[in-house]
Amino acid sequence: MITAEVTNAFPQMREIKTGICQVFILHTSASLTINENADPTVRADFETYFNKAVPENDPDYLHDDEGPDDMPAHLKAAMLGSSVTIPISNGRLALGTWQGIYLCEHRNYGRSRELVITAWGE
């Protein structure tokens, strides 16, 4: 979960009364989305769903240079997307009570991931 990291990365965001924060991931086998942040079983169910929807070792995949999770990781990332946009209200991300930003790692053995975080407003 990266919600706290976004807030900490931009201490200037506390000065923005009304604005927008965009978080963008610089990778094609990981993704970003917003969903429930209260119950950890939601994250487990996300993984279960995506592993069923986009299985590894599908003989129809041509792109498997980095192993059986290569193409499935790209497809899962395409399904969820590479960025999220969150309103800023009174210096804080205006997320719902139960919401958090998920950085979804779709590779079996994830590596370091880089984000670009941009915030603007008044």
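Cα axis of helix 70-80 to longest principal axis of the chain: angle in degrees, 0 to 90, nearest 10?
40 degrees
Normalised by the number of residues in the chain, what is the relative contact order in percent for Cα pairs under 8 Å and 6+ residues apart?
That works out to 52 percent.
In a solvent-free Debye calculation with one equal scatterer on each Cα, what is log10 I(q)/I(0) for region 38-109 at q = 0.18 Å⁻¹, listed in the order of the q values?
So the normalised log intensities are -0.79.
Between the alpha-carbon centers of region 14-45 and region 59-122, tell me the distance in whole angstrom.
Between the Cα centre of region 14-45 and that of region 59-122, the gap is 7 Å.
Normalised radius of gyration for region 80-122, please: alpha carbon Rg relative to 2.2 N^0.38 Å, two decimal places.
1.44
Could you compute the longest span of the chain free of chymotrypsin sites (Phe, Trp or Tyr not before Pro) located in DSSP loops and having at most 16 other Cβ atoms within 10 Å, not counting the site residues?
Result for the longest clean stretch: 1-60.
For a quick check of your reading of the filter: which trypsin sites (Lys or Arg not before Pro) in region 1-99 sit in a DSSP loop and have no more than 16 other Cβ atoms within 10 Å?
Those satisfying the criteria are LYS17.
With all protein chains present, how much of the accessible area of the chain (probe radius 1.4 Å) comes from carbon and sulfur, to the nearest whole percent?
For the chain, the apolar C and S fraction of the accessible surface comes to 51 percent.
Leaving out ligands and nucleic acids, and using a 1.4 Å probe, what accessible area per residue does region 42-118 come to in Å²?
Value returned for region 42-118: 63 Å² of accessible area per residue.
Eigenvalues of the Cα gyration tensor times 5, then square-rooted: what semi-axes does that give for the chain, in whole angstrom, largest first?
31, 15, 10
The values are calculated or read from the model by the stated rules, or taken from the named source; none is laboratory data. Being a predicted model, the structure only gives us computed values, none of them experimental. Please note: Cβ atoms are built from the backbone with ideal geometry, for glycine as well, and neighbour counts cover all protein chains shown. To get the accessible areas, we keep the full protein, side chains included, count just its heavy atoms, and leave off ligands, DNA and RNA. Shrake-Rupley method; radii C 1.70, N 1.55, O 1.52, S 1.80 Å.
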